[in-house]
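Enquirer: Sharing a structure below in structure tokens format, with a few things to ask.
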């Protein structure tokens, strides 16, 4: 009897292994056939965009194994896709407590954390750090992050109203209706539908650059950066606003056109009467250079973030991790000088970048700070020499009637 049963048992064991392999169940996950079936079904629902179906399947899987990071992650993402941000936040937090180094979980956790109404104390301050962490683990989240920071997001309490408005404005009977519909689709994350609506609004009438601007943002979310740049340029030609330069700068960064990205970000800063690039802008530029494989330049902008001391400790911690990763991959080492000398070097580099971008007022300010920070005679001489040269150039431009 035992010799007859052995092949059957072997077949069943092999079948179990095949089920686990085909479903992609992570090693250490529950191999219960019912659990595997629910996870498999949930993934198929995700692939079809049926997130309610996915929530149901992953909920059944979690009933069988509440410690499955995979099931919690996928249900958390499904909740996010259906605008249930509080539930998404809870599931993704539980998933991270089990597997803290999954890039997708970190990215959606940061996104849900920014939109949920009930978030643990101090978690909001860590959102940028969580995005850093996800990008640290997988560079593909650079493009997803650039879409996230440019698009608007619907709140859970507004969803029913948004859905009723979609019914009301469907049909594209005017430019205004098409634009409103496009904005609703954007907020709900339906970027393809938003593009179609904004295109129709563009044909139906002139909205003073607003349509082109929003269309450009949606092209960014489709990772069509050249199209995004063209649309936002059209918007700028109609309505010259600082936030448009910021958006186009992000489009340039996504396309790997880092010099143009820096010029636009500097223009946005000047139009807002800010003296230097905020840490967030430095991060965008660092991501651009990382995409291009120019690690040395990315480290420069990441060091600017550290020198600025604007961010939370967790954000700074993730920035240092990011720098360490770049150093390891590229073989480039950042300075090991004392903090005071490092600040001098950062200021001198930032001042030169401002000169290259044509921002002479900013360059003067940075060279003055570098002169004050310099610890040696040679450093002060060099900073002073550059300060005089930029001051003269700035004064000559002013005397010739050019804009500073």
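Read-outs: derived from the displayed coordinates by stated rules, not from any lab. Treat the numbers as computed from the prediction; the structure is a model and nothing was measured. Every residue, glycine among them, receives a Cβ derived from its backbone with ideal geometry; neighbour counts consider all protein chains shown.
Enquirer: By count of other Cβ within 10 Å, fewest leading, how are 58, 131, 315 ordered?
Expert: Going from least to most buried by this count: 315, 131, 58.
Enquirer: Can you put 365, 320, 75 in order, fewest other beta carbons within 10 Å first?
Expert: Ordered from fewest to most neighbouring Cβ atoms within 10 Å, 365, 320, 75 come out as 320, 365, 75.
Enquirer: Related question: Considering all projection directions equally, how large on average is the shadow of the alpha-carbon convex hull of the stretch 110-161, in square nanometres?
Expert: Over all viewing directions, the stretch 110-161 projects a mean Cα-hull area of 4.2 nm².
Enquirer: Within a 10 angstrom radius of the beta carbon, how do 262, 160, 310, 364 rank from fewest other beta carbons to most?
Expert: The order, fewest Cβ neighbours first, is 160, 310, 364, 262.
Enquirer: If you average the alpha carbon positions of the stretch 275-314 and of the stretch 100-140, how far apart do those two centres end up, in angstrom?
Expert: Value for the Cα centre distance between the two parts: 18 Å.
Enquirer: Moving on. Counting C-alpha atoms alone, how compact is the stretch 55-168: give Rg to one decimal and Dmax as a whole number, in angstrom.
Expert: Calculated on Cα positions, Rg and Dmax stand at 14.4, 44 Å.
Enquirer: Quick one: Debye curve from the C-alpha atoms of the stretch 140-204, no solvent, what's log10 I(q)/I(0) at q = 0.15, 0.17, 0.18, 0.24 Å⁻¹?
Expert: Treating every Cα as an identical point scatterer, log10 I(q)/I(0) equals -0.47, -0.59, -0.65, -0.97.
Enquirer: Divide the volume of the convex hull of the Cα atoms of the stretch 191-293 by its number of residues and quote the answer in cubic angstrom per residue.
Expert: 83
Enquirer: The stretch 105-219: percent of C-alpha pairs farther apart than 17 Å?
Expert: The proportion of pairs with Cα distances above 17 Å equals 60 percent.
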